[in-house]
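Participant: Just dropping this structure here.
Bear in mind that the values in this text are calculations on the coordinates, not laboratory data. It should be emphasised that the depicted structure is a prediction, and the values quoted were computed from it without experimental measurement. Methodologically, a virtual Cβ is constructed for each residue, glycine included, from the backbone with ideal geometry; neighbour enumeration extends over all protein chains shown.
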Amino acid sequence: LDQIDLRTAGGRGHGQATLNGPTQNRLLHFDFAMKEADLARTIRAVEEFEAARTGIQNESMAESKFIKRASGGKLELDLSAKCNPDHPTNLSGAGNMQLTGAELGEINLFGLLSQVLSFSSLKLDTARTTFQIADGKVYFPDVRVTGKSALIDAKGSYFIETKSLDFTANLKPYEEVHNPLTAIVSLVMNPLTSMFQLQLTGQLSNP
């Protein structure tokens, strides 16, 4: 298939795909790009696909506080991968993605620490990363979440089968503020937050 064009989750996608090999060992190669997809609708579409594929209806992440607190996010994704079409979750490939337009500090990704540090005040609104997929794991080497007054640098893995996390993140409030006076006042008011390294584990739905 030389040209695939589609609309899904409010966004536009395009790509190409090749299927080859004997019936018992077919291999699907594809390149896919998506722009302006709604974050919650994208997650819901993936959940519906998984439910249809496995016959198991799991608790919806799209309906959880995890996503609802950051509504309005737009997803851009580029992915080049291969898999056996009979086992579509066993992907091998790489890509990059970007999430914009949401108050990412409102996503309760860092659990209780989010509430203690009042992440919502950090105004995080853009996330970018590259990723590699292999052996049932998605590795993110360079996650960067930024906003007007803070940034988070992170790296780690997401395990597809168990939907669990293993990340390390460095929180750097006010590093990108261009007004030196504002930066100094902010650091004086929040002396501890400039030193936090976070270890993020557990289930994606309840990190």
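Participant: Sticking with the crude label model, points 7 Å out along Cα→Cβ, report the distance from Q16 to A134 in nm, one decimal please.
Facilitator: The modelled label-to-label distance comes out at 2.5 nm.
Participant: What's the FRET efficiency of I56 with T201 using the Cβ-Cβ distance as r and R₀ = 22 Å, to the nearest 0.05?
Facilitator: Details: r = 24 Å, r/R0 = 1.08.
My answer for the efficiency is 0.40.
Participant: From the phi angles alone, apply the Karplus equation (6.51, -1.76, 1.60; θ = phi - 60°) to the stretch 142-147 and give each ³J(HN,Hα) in whole Hz, x where the residue is Gly or Pro.
Facilitator: For the stretch 142-147, the Karplus-derived couplings read 8, 5, 9, 10, 10, x Hz, x marking Gly and Pro.
Participant: Determine the gain in length on full extension of the stretch S157-N96; use 0.36 nm per residue of separation and subtract their C-alpha separation, reporting nm with one decimal. Display every interim value, and only then the final one.
Facilitator: Numbers: separation 61, 0.36 × 61 = 21.96 nm, distance 1.44 nm.
Separation in residues times 0.36 nm, less the Cα-Cα distance, equals 20.5 nm.
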